[in-house]
Amino acid sequence: MSGISVPDFQYVAGLVRQRSAIDLQPGKEYLVESRLAPVARDLGERDVTALVARLRRGDETLAATVIDALTTNETSWFRDAHPFQAFSRRLLPEVAETSTTKQITVWSAACSSGQEAYSLAMLLTEWLPMHPGFSARIIGTDISSRMVERARSGRYSQLEVNRGLPASHLVTYFDQAGREWVVKPALRSMARFERGNLAAPAYGVPTCDIVFLRNVLIYFDIATKRVVLGHVRKVLRPGGFLVLGGAESTLSLDAAFQRMELDKAVVFQHLGGQA
């Protein structure tokens, strides 16, 4: 694999930043090359250089494909475990105690192909029978239209369901369809998936009790991180909770959030007011 040229990398990085606000710094050349090489092969281009040349000619369909390829992140079921344990044991009881609507609303931001949102839906399905009168909904958003469609379909390969999904959950919440597994209608009806850019206001996202925004801020520069947290703050009710990735924090970015340690998870509570 020949390395991507500096001008080509700069052009692709500029396009990705313009369309998604993700900041591809020098040093990410191999990532760009490895993600775009399969796209070039699929489209019959000889290499990434030829693909970028085509991109420079203003091919909008290709631009969307390239953004998809470079913004699709790693995902799995119940990823990292501790935040999901905190969700069931600590966050839901806290939210239920202060709820005025008896409807729990959770936003899975940057939801990728839906594993996080459906993991949360499974936990809510187990929690709701013990709390009569409550209902729950999950809103998943992602910048990739392809990922949103995949999440809506709720269809996963055997390899995908093997990544973090307990066998008991597979039996309870999925139907087998040939070589794929499909989320059962009752669980799928709890989640709604839409395309959304975190760097833009969260139009269509209702007031939320809990927001999962995990392993996403690390891809933004400081100014964009502040913008994203501001958009989250506008839809997260005061007293609600923001769950970030293990290496992420609101510290020095948004004073409206207070860091809390819950068991082995770190979450951030919205104190109300502006940053």
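Just so you know, all these numbers are worked out from the coordinates, no wet-lab data involved. All figures in this text were calculated on a predicted structure; none of them were measured in a lab. Here the Cβ is made from the backbone with ideal geometry for all residues, glycine too, and neighbour counts use every protein chain on show.
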request  = Per DSSP H run of at least 4 residues, take -39500 (n - 2.57); add these up for the chain, divide by its residues and hand me the 222 nm value, nearest 500 deg cm²/dmol.
outcome  = -12000 deg cm²/dmol
ask   = Which of the GluC sites (Glu not before Pro) across the stretch 71-144 are loop residues per DSSP, with 13 or fewer other Cβ within 10 Å?
value = Glu74
inquiry  = If you consider only alpha-carbon coordinates, what radius of gyration and Dmax does the chain have, in Å?
reply    = 19.6, 60
ask   = Non-local amide H neighbours of Gly240 (under 5 Å, H modeled in plane, Pro and chain starts lacking H): which ones?
value = His270
note = Kirkwood radius from Cα pairs of the stretch 42-198 plugged into Stokes-Einstein at 20 °C, 1.002 mPa s, gives D in µm²/s equal to 124
message = If I model a spin label at Thr207 and Arg195 as a point 7 Å from the Cα along the Cα→Cβ vector, what separation in nanometres do I get?
response = 3.0
remark   = Listing His270, His131, His231 by rising number of other beta-carbon atoms within 10 angstrom, fewest first, gives His131, His231, His270
remark   = In nm, the gap between the two label points placed 7 Å beyond Cα toward Cβ at Tyr30 and Thr98 is 4.4
message = Can you list residues from other chains, or at least 5 along the same chain, whose modelled amide H is less than 5 Å from the amide H of Gly140?
response = Ser108, Arg192, Phe193, Glu194
ask   = What net charge is computed for the residues neighbouring Leu124, neighbours being all others with C-beta under 15 Å from the C-beta of Leu124, Lys and Arg scored +1, Asp and Glu -1?
value = +3
request  = Note down the net charge around Arg226, summing +1 for each Lys or Arg and -1 for each Asp or Glu among other residues with Cβ under 12 Å from its Cβ.
outcome  = 0
ask   = What trypsin sites (Lys or Arg not before Pro) does the stretch 118-155 have in DSSP loop regions with at most 13 other beta carbons within 10 Å?
value = none
Formal net charge of residues neighbouring Gln85 (Cβ-Cβ distance under 11 Å; K, R +1; D, E -1) = +1
request  = Mind sorting Met130, Met260, Met122 by how few other Cβ atoms lie within 10 Å of their own Cβ, fewest first?
outcome  = Met130, Met260, Met122
request  = Counting other beta carbons within 10 Å of each Cβ, put Trp181, Trp107 in order, fewest first.
outcome  = Trp181, Trp107
message = Run through the stretch 170-275 and list the trypsin sites (Lys or Arg not before Pro) located in a DSSP loop whose Cβ has at most 13 other Cβ atoms within 10 Å.
response = Arg179, Lys264
request  = Please give the FRET efficiency for Lys234 paired with Ser153, using the beta carbon to beta carbon distance and R0 = 22 Å, rounded to the nearest 0.05.
outcome  = 0.15
remark   = One quarter of the C-alpha convex hull surface, i.e. the mean projected area of the stretch 1-67 in nm², amounts to 4.0
